[in-house]
Every structure is written in structure tokens, then in C-alpha cells.
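Comments concern the structure below.
Derivation of every value follows stated rules applied to the coordinates shown; laboratory data play no part. If you're wondering where the values come from, they're calculated on a predicted model, not measured in any experiment. Neighbour counts run over all protein chains shown; Cβ positions are idealised from the backbone, glycine included.
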């Protein structure tokens, strides 16, 4: 796996990794083992909100940001986590190549204070390439909790590079880090420019010898300069004995998932009602004002009932569950729970012929399928990466979750007892399980047919549990999500609302265009337990799934079934009056879970696979499953009802 | 003996890494070099994955992988 040094390739790599900089500007690379808090260091320095999470492989493409220190500007490049420069998975290649060919002025190697021995190997490797290295021993607060003490001065003298102890989350040691960055960046010598690339071209046996020496030295340094308390080290082991045990691992995981949904449903109810009252009250007022001003009815309809109305639906119905679900999910991510999920489920993925880390890209899919598809880069084997990309859409994303949450809250809380809060949470958990089962089934079938092969090798690190940064998570995910959703809503929902309103109010013959279209799709919709309007809404939701529900409600209301939205219960009444049954609710949830990916995701798939064929597969496979599953449930329902 | 055959709770020393290509490099990167201490911590669901403490980190390996590590 040595590097080719053909001059052509070298030149082109230099072009890719050359970062433009002006006077008084310096390029600083951030490298380190996966999951050492590089992104937290990056965020602290640059003030950017790069998503952080406690699992290896989160940063799959390098992020860039800047900060100022004493009149100079520093351009930070956050490189994907890497165990070694010798091995190269797709994301690790980025790190290696940047360190070889990038025009950086300093490299900050971020190391985990609680696992210094393992982290030092990379420090030694990078030190062979360049002299402009700073060792940033991060998570010193976690180390303190575990009674680990590190002799910074001793290490610095021994390694002969600046060593800084930091806790980037609280900002501890960050000034020292900036100072160290300044010192190293200013020290430009000619010999620094010549990187010792031959170091990466040794034969396998030599590399093995070097690694062995590196690790022996790392062990020696650890014995000398790091003091540990073995009792404290066993805390994680005790937690993991339960959380990843044969018996309780999977049940605990399902219970936690259910709990997250339960909190989301309970928490979303109130804000949803308040927002609805506010926004629809305003719509009423706006309509009055427009009428008072004598605005043309048609224009008023497009702007207020079409554009504003759809926006109001997105904000009041879709936003609250999102704003609650994602901080909760991020909490578990920060804690370090996701790799445990991958651990518990690996045997299933192995059987399906998929990669164990697919679990992690699926978890990213919960946030956004396009991000999940990019996240599949953590999977090395091209075959398994393709499987992960094609199936990622079977995890409900950000835009689809609220629909599932809202519908299960509306339709499955019917007993009038305490069960009302539990059944919806259970049904959402079930829906997610259906998605996971579909993922496994598709992976299995692909492995047996189009993408034949055996599961590739797999190593999974279970990072130490870390106390989540609750305040930051709540703040950033609510602000990020809110801004993100509102912008997307404005960009997609408003025009979609206008178009829907137009289609509902332009008549061809006796009926509006919308109704003609709905009638046309009605037989197909009926066959799978839906109706024509629902299919139209899903088609309209192609640019963004957030608008499926709002467009559907608009379409229904335009047919005359006008009811004021006051609570989740009135949503049920509106839908029931349009002919919905429990089957419709179930099938809309299933269809939303399984149907085609949104346009952004498809474009990302095209980019990531570089193939129209696989992009088409990623469209047609879920769509086929959605129709099939809904057809089956509808048929079964009709048989027993 | 192979690492896959070591019982839970035991600590062993790596003798040889007989994996090839990518896996071999990956093992080395994780610190599974000759002489490294490996503690067997736990087996996961279906005995599919085993958690090891390697160089202070917890690493899970499948049986298919851990059989390439010879230990003493």
C-alpha cells in the first residue's frame, strides 16, 4: 500500500491539497486517532459548529475553518480520524495524502489522554514526515476523572515537540495550544519543506518492524510519564458488561429507542399546540387584512392559504418533534453509545453480508440520509459500501420522522388510559425495526445476487463513555435544527404550497386539476391502502420529505374538509373525515419509511457511487418495497376486517 | 494458541500477526504487535464479537479476524 511517487500524480495531489493562503495566514492541520475530540478542538478554535459525536469515523471529509490569534489568521483543516498512515481506508487516505502533499504550516496531532499509548504511534509516524508537529493531549478532564495523570514536561522533553494538555470542551489549555501553533508556524526552515515521504514506502515487513518499535516506545513512555488508577479504568467495563451483554444488549437498546420516542411524543404535544394556535391565528388575521386591503382573492389564496399555510403546518406539526428527537439522539451519540449498537447488531449485519459499520452510517441516516450516504465512506470494501448506500434510505430521516411520530400519536393513543403515551412510542419503535429488517433483507438479497461476496474484515473500537455536553447539545441542535428546518421549509414548502393551492383552485371542467390527478392515482393508492391525494403528497415531497404532511393537509382541505387545527386529536379528526382508517395511518407511515429517497439524497448517491445504474437501484428498490409492503398490509387488513 | 481460543478474563501476549494485507496493517495500527498484552474482556450477542483491551483501548473483533493473531 505504498505511495506511488510518479511525478504526475504527485503534481495533481499537490493541486488538490494546496490551500490558498495570503500574508499572515497559516494553514494548520488537525490529525489524530478517531474519536479523540479533534472536532471539539476544531470547533473551539474556529467557533464553527462541526457536528461532534463519540464514535470513530464521524468526520469523513475534511472540514475547514479559521481563527485569529494576535493579528494572524490560521486556517484549520480538520482531517478524518486515522489510526496509522500506513493503513488507508477511504477516509484515512484523505489524512495521509494531506499530510504528505498539503501546504500546512503546522500539524496538531490530537491524542486521547485516556488512551495515550495507542495514540502515540500516529504521533511518531507524523513526526517522521514533518518536524512541524504539536502534540495536543485532549480529554484531560476525562483523564482526571479516571485518576490518570500525565507528566507533560517529561513527555515534551522526551519527544522534543511542543506538548499541550487540553480539555477542548471547557476550553482548558486552548490558549497554550494557540501559542504553540503560533510558535511552530513561525518557525519556517527550508528542511521542513522536504517531507520524508519514503517513510511511507517501506515493504510490509519493515512496516511491521517499525510499528512494533513505535509501540514498544509508546509503552515505555506510558510507563514513565502516565500514572493510572486501575479501579477507575474498570468503570466502563462494568457498564459494558450490561450494555453489550449477550442477554441484555439488544433489549436495552430497544428500550432506549422507545424511551427517546416516548419523550419526543410527550414533549412535542404542547409546543405543537401553542405554535399551531399562534400561526393559524395569524393566518386568519392575515386573511382579514388582505381582504380589507381588497387584494385579489386568487393572489390572497396563493400567498396566505398556499404558501403561508404550508409553512405554518411545517413549523407547528413537524418542527417540535424534530427539535426534541435530535438533541436526545445526539445525547446518546455523545455518550458513546452508537458503537455499542454496532457491537450488538454485528451478527445480523454479518449474516446479511453487510459491513458491521453500516450500523453507524444508518444512525447518521436518522439525521439526514444524504449525510448517511456520505457517512458510508467509513466502510472500506466497495461492495459493502454500495450496499450501505443503497439501503441507507430505509432509515427514516429528519424529514420523515415527524410524520411517523405525529401519525402514531394521533392514531394509536386511543385507549384513554396511561397506555396512550406508551403505544405510540412502541409503534414508532416497531416502524424503525421494520426499516432495519428491510435494510437487512435488501442487503442479504443484494449479497446473493447483484453484489455477491463475503463480509469483509472488521475491527470496531468501543470508545470510553463520556459525559455528554448537555447544554451545548441542546443549544446547537435546537438552533441548528430550527434554522435548518425553517430555511428548508421556506425554500421548499412555500413554493410547494403555492403550487398545491394553484392545482387545487384551477378547474378543468367540473373538477380542479388536483382532484383530476388524485382521481387518476386513486386506484393505485387504494390498492396499497392509501389514496390518490396521499400519493400526490409523496410525489410533491420528492425535494423534501418535510412537506408531505403539510401538502396532504392542504390538498384535503381544499376539497372542503376544513377543520381548525388545535391539537393532535383534531389532526386525527381531519384525516378521519377524509376517509382515513387505522390502515391508512399505518400504511402512510410504512410508505414514508420505505419509499424513494429525496432528491438531495439521490444526487448524493450519484456523486458517491458515480453510477447512474446504482442511483437508479437506490431509487427503485425502496420504492418497490414500499409498494409491496403496503399492498400486503392492505390485503391482510381487508381480509381480517 | 490463537487469540480466538483464549477464554474471557485472561490476558495473553501477542506472538505473531498472521493476517494479510489490509487486515494485517489494521491490526498493527491498533497496536497488535509482537509482545503486546491483550486482555479478553467479553463476548457479545451470539458469540460473534469479542471485546479485547489492546493498548488501553477496547476493540471488538470477529472470530474470523481474531484467529489470525497467535498468542502465548
Subject >> Relative contact order [Cα under 8 Å, 6+ residues apart], chain A, whole percent >> reply: 13 percent
Subject >> Computed Kirkwood radius, in angstrom, where 1/r is averaged over Cα pairs of segment A:253-327 >> reply: 14.0 Å
**OP:** Enter the angle in degrees (range 0 to 90, nearest 10) between the Cα long axis of helix A:612-640 and the first principal axis of the Cα atoms of chain A, meaning the one along which they spread out most.
**Re:** 50 degrees
Original post:
Sorted from largest down, what three extents in whole angstroms do the Cα atoms of segment A:66-140 have along their principal axes?
Top reply: 37, 30, 21
Original post:
For segment A:225-249 and segment A:64-83, what is the separation of their C-alpha centers, rounded to whole Å?
Top reply: 34 Å
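In what order do A:107, A:315, A:303 fall by count of nearby beta-carbon atoms within 10 Å, going from fewest to most?
Numbers: A:107 29, A:315 22, A:303 19.
The most exposed by this proxy come first: A:303, A:315, A:107.
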**OP:** Between residue A:573 and residue A:297, with labels modelled 7 Å along Cα→Cβ, what's the label distance in nm to one decimal, could you check?
**Re:** 2.7 nm
Original post:
What number, in percent, do you get for the relative contact order of chain B if the mean sequence gap of Cα pairs under 8 Å and at least 6 apart is divided by its residue count?
Top reply: 43 percent
**OP:** Just grab the label-to-label distance for residue A:475 and residue A:103, each label 7 Å out from Cα along the Cβ direction, in nm (one decimal).
**Re:** 3.6 nm
Original post:
Add -39500 (n - 2.57) for each DSSP H run of 4 or more in chain A, then divide by its residues: what number comes out at 222 nm, to the nearest 500 deg cm²/dmol?
Top reply: -19500 deg cm²/dmol
Original post:
In degrees, nearest 10, range 0 to 90: what is the angle between the Cα axis of helix A:470-488 and the longest Cα principal axis of chain A?
Top reply: 50 degrees
Original post:
Mind ordering A:534-546, A:245-257 by average Cβ neighbours within 10 Å, highest first?
Top reply: A:534-546, A:245-257
Original post:
Other chains' Cβ within 10 Å of A:346-353 residues: what's the mean?
Top reply: 3
Original post:
Taking each residue of B:38-44 in turn, how many C-beta atoms of other protein chains fall within 10 Å of its C-beta, and what is the average?
Top reply: 4
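Please give the peptides A:595-608, A:576-589 ranked by average Cβ packing (other Cβ atoms within 10 Å per residue), highest first, as a rough proxy for protection.
A:595-608, A:576-589
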Subject >> Shielding by partners - mean other protein chain Cβ count within 10 Å, residues of B:48-55 >> reply: 6
**OP:** Note the angle between two axes, namely the Cα long axis of helix A:174-186 and the longest principal axis of the Cα atoms of chain A, as a number of degrees from 0 to 90, rounded to the nearest 10.
**Re:** 60 degrees
**OP:** Sort largest first and round to whole Å: the equivalent ellipsoid semi-axes of segment A:273-398, each the square root of five times a Cα gyration tensor eigenvalue.
**Re:** 45, 17, 9
Original post:
Label residue A:527 and residue A:454 with points 7 Å out from Cα along Cα→Cβ: what is the distance between them in nm?
Top reply: 4.3 nm
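I want the antiparallel fraction of DSSP beta bridges within the protein assembly as shown, as a percent rounded to 5. Numbers along the way, then the final one.
Working: 34 of 54 bridges.
Looking only at bridges with both residues in the protein assembly as shown, the antiparallel portion is about 65 percent.
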Subject >> Coordinate range along principal axes, alpha carbons of the protein assembly as shown, Å, largest first >> reply: 85, 60, 51
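When 1/r is averaged over all different Cα pairs and the result inverted, which Kirkwood radius in Å belongs to segment A:109-156?
Mean inverse Cα-Cα distance, inverted, gives 11.3 Å.
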Original post:
What is the percent of Cα-Cα separations in segment A:249-640 that go past 36 Å?
Top reply: 23 percent
**OP:** Between residue A:263 and residue B:16, take the C-beta separation as r, use R0 = 56 Å, and let me know the FRET efficiency to the nearest 0.05.
**Re:** 0.65
Subject >> Packing-based ranking, highest mean first, of B:41-53, A:371-383 given that Cβ atoms within 10 Å are counted >> reply: A:371-383, B:41-53
Original post:
Per residue of chain B, what 222 nm ellipticity follows from adding -39500 (n - 2.57) for every DSSP H run with n ≥ 4, rounded to the nearest 500?
Top reply: -4500 deg cm²/dmol
Subject >> Gap separating the Cα centres of segment A:465-513 and segment A:114-144, nearest whole Å >> reply: 43 Å
Subject >> Spatial separation of Cα centroids for segment A:305-361 and segment A:413-436, in angstrom >> reply: 17 Å
**OP:** Can you tell me the FRET efficiency between residue A:467 and residue A:508 if r is taken as the Cβ-Cβ distance and R0 is 60 Å, rounded to the nearest 0.05?
**Re:** 0.45
**OP:** For chain B, compute Rh as the Kirkwood radius over C-alpha pairs and then the Stokes-Einstein diffusion coefficient at 10 °C and 1.306 mPa s; write the answer in µm²/s, rounded to an integer.
**Re:** 135 µm²/s
